[in-house]
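Have a look at the structure below, then the notes.
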Amino acid sequence: MRTPIISFLTSIMILLFAAFPVHAQASLLTQSTNTVDQKQINSFADLMRTAAESGVQVIVVDTNGAPLSQPAANVDGAEDDGMSGLMKVQVSALEFRKRLVKRLKALPSALQDVSIILRASSPTGELRAYVEALFWSLVLFAVGYIVEKQIYAKRFLLRYFELRMKDEPVGYTEKLPFLVSRFFLRAIGVLITMAVAYILGVTFFDPLETSAMQYTVTLINIAYAGCRLVTLLWRMVLAPYACQYRISQFSNKDASRLYHWLWFTASVDICAVAFASWINELGLTYDAYAFYTASLTTVVVLMNIALILVNRKPISRAIRNGLKPEETGVLNAFVSSAWSSMAIAYLLFAWADLSYRLVLKLPLSMPLVLGAYGILLTIIVVYGIINYLIERFFQRTAIMEEINSTMQLESDETDTGEEVENPVRTYHPLNSFEDLARRVAGIMAFVAGLWALSSIWGVGTGLVVSSSTYERSSDIIVIMFIGYIVYHIFRIWIDSKIKDEGGNEIEMTPGDEGGASGASRLATLLPLFRNFILIVVVVTIGLIALMELGINVSPLFAGAGVAGLAIGFGAQTLVRDIFSGAFFLVDDAFRKGEYIDVGSVRGTVEKISVRSFQLRHHLGPLHTIPFGEIQVLTNYSRDWVMMKLPLRVTYDTDVEKVRKLIKKLGLELLEDPVIGGNFLQPLKSQGVIEMQDSAMIIRVKFMTKPGDQWVIRKRVFQDIRDLFAREGIKFAHREVTVRLADDKTEKDLTLAQKTAIAGAALSGVEEEQADVADNNEE
């Protein structure tokens, strides 16, 4: 048994052997050797040709070139199991060439015999009987179709669809039931048409007595039913005239054009198969049957290639779900760009395989073109049904999420008094179990199609790919698929928990001082657990795959133990970092989004890995610190923050008045609708904390939630400035007083003395500013 792939390779070799016959080897021998007798060369060439046709690989000859044993011919074309693949292709190509020449020579007489055989099988002895059978069948079908449209469609289907059609159906749960019910109801209409045609035929025509005419009429009915049902199937899939129920991403124009191309091409294919079966059963010679079948197949293949070229762009856009190539996944983008080339290659392969089988009179398998249509429709229908069940299963969850989202939007509008736009939310492509189920359904439908095609091609039968290799490869793919599902189940569950904990993305405005509360402890640890699950799944799949390939994995575990010891001694710093990080996270020393200080650097925690973490300073720099390098860690984002603000006032300021004014201002800020809820302790005065040459330093303080102190500080400074301006309290400006000895005046100083005095004054100002900055940090 030959597979279609071997047949395809053989058909390629045919061109070479057709242009370079076997007997040409003798002429080559003549050109290379002038001392050998011409008769001996011809005998040796005949021997080679006989051996090649018989499948013999080794021939023993004597010194004169005479064979010691004659090659034994293969019986009934049986192939020697010891031959190499290339030798099998060569032998098949030679056989194909011989058979092709033979059939082409016999074709004229075979075509002349067609009319004789058809007349002999006709009940009237004329070809006209078959033409009349086809004509009257079509007339009866036309009458039945009129009855179907005028009675069944207008009086029942139209009313049924008007009551159940929706203006804006949503999802598979509302679209698919209508499309499926419409298909079955219209299929009943096809049966009505055929029933009316049958009744009229029985009433007005005599019974069919010959088996040839009965078979002819049966094939006509099967072809008509097949064409009508294929049309209804594509109408269900594309919905060209009911755009609101269309599931695929096609425009009205593209859907209508593709629909007409598909039903017409599929109908021609069905009719071609029916015609080939008809001429074969009527007893035509095999040469005529092969000629007509190959010709019709060529027409069908060309029509399908034209269909692909005309509708390539709309189908590619539908595969991407209406998105641009850069907006979709890598696999989806590849399929959308390469499907047309692969489909055309498949059609050419199907044509070559059928031609090869027809010439060699091999058993014909399922028509590859018609089989591809059947597989495609099956995948589409099964995928739609699975998505319908998934949508029904998750429908309650989707409704609850929509209700919660609506309530949240209404709550935001009530709080702010403004209309809130729907936020643009970007999630992982598989952010819910429903998305995972849809992805799994798509993969399963695609794999089912590949399995069906591989069954048609004969992959895994032992000729193209050995059965053991095929089974092992299939098992490995299944294991990888299960691992893919397991990982995404854990990932989606972890992401949902992180979302419940308030999310893992901490908002931070560039240039902000930081210090806000970070993510929860669970939201900090779960991403690390997710990475751990990925590692476990990958290692497990790798070990199982190695076992499927027959590799003993026990030495790998022993090697892993030795490698672990080597790594432990050679990478002590790495081990220290990992263990230090584990203890820091277990102790809950910091979380993602918190503002911390590790001695030399400070900033907001942006990322936590196994051995290090990253701090973003509020001025922009990003620091990466290994866990093992941390000696002291200060967390500024836990529980509460005390903010202290120094105020410079003149010496004539009433300190008690300032205290009362600050206390009153603190009470007013507590009632503020914007920042009032962020105070943990109100604003109050601590009195005079320092006396300087030109000012008294009065300090005020307040307690707030971590991260809110910066916004409140700006508001406090603004309100204190306005309050002091209303009450006549003056801020003290920095001054440097220079006293000259011996009652000297400025006029008595030289330029060098003035420069020295200015430098001393500047130094004093800088020292004072440094002291103030240190006090603010405290």
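The values are calculated or read from the model by the stated rules, or taken from the named source; none is laboratory data. This is a predicted model, so every value here is computed, not measured. Ideal geometry is used to build each Cβ from the backbone, glycine not excepted, and the neighbour counts take in all protein chains shown. Ligands, DNA and RNA are stripped out before the accessible areas are found, and what is left, the full protein with its side chains, is counted by its heavy atoms. Shrake-Rupley method; radii C 1.70, N 1.55, O 1.52, S 1.80 Å.
Things to note:
- Phe291 more than 23 Å from Ala372 (Cβ to Cβ) and either modelled with pLDDT of 90 or more or part of a helix (DSSP H, G or I) (or both): yes
- Filtered residues of the stretch 256-282 (kept if open to solvent by 30 Å² or more (accessible area, probe 1.4 Å) and charged (D, E, K, R)): Arg257, Glu281
- Here Gly676 passes the criteria (1) among the small types (Gly, Ala, Ser); (2) over 17 Å from Leu645 (Cα atoms); (3) touching a helix residue (DSSP H, G or I) at 6+ places or on another chain (Cβ under 8 Å); (4) modelled with pLDDT of 85 or more except the one numbered (4).
- For Val605: the one exception among (1) modelled with pLDDT under 80; (2) under 30 Å from Gly620 (Cα atoms); (3) open to solvent by less than 60 Å² (accessible area, probe 1.4 Å); (4) aliphatic (A, V, I, L, M): (1)
- Residue count for the stretch 294-323, restricted to those that are part of a loop (DSSP other than H, G, I, E, B) and modelled with pLDDT of 90 or more: 1.
- Residue selection: Leu176 fails the criterion of being free of Cβ contacts under 8 Å to residues at least 12 places away in the same chain, out of contact with any Asp or Glu (no Cβ under 7 Å at 6 or more places or on another chain), closer than 28 Å to Leu163 by Cβ and in a helix (DSSP H, G or I).
- Of all residues in the stretch 617-651, those being in contact with an Asp or Glu (Cβ under 9 Å, 6 or more places away or on another chain) and of a type in the set (Ser, Thr, Tyr) number 3.
- Check on Ser600, among the polar types (S, T, N, Q) and either under 43 Å from the mean Cα position of the chain (by Cα) or assigned to a strand (DSSP E or B) (or both): no
- Residue count for the stretch 690-719 under the criterion of being open to solvent by 70 Å² or more (accessible area, probe 1.4 Å) and in contact with a Leu (Cβ under 8 Å, 6 or more places away or on another chain): the result is 3.
- Top-ranked residue of the stretch 637-650 - restricted to ones that are over 43 Å from the mean Cα position of the chain (by Cα) and modelled with pLDDT under 85, ranked as surrounded by the most Cβ atoms within 10 Å (Cβ to Cβ): Val641
- Looking across the stretch 112-149, the residues that are open to solvent by 30 Å² or more (accessible area, probe 1.4 Å), touching a residue at least 60 places away in the same chain (Cβ under 8 Å) and of a type outside the set (A, V, I, L, M, F, W, C) come down to Asp113, Pro123.
- Among (1) buried (at least 20 other Cβ atoms within 10 Å of the Cβ); (2) assigned to a helix (DSSP H, G or I) - the single one Ala225 does not satisfy: (1)
- Considering Tyr245, Tyr172, Tyr160, Tyr259, the condition of being aromatic (Phe, Trp, Tyr) and modelled with pLDDT of 90 or more is satisfied by Tyr259 alone.
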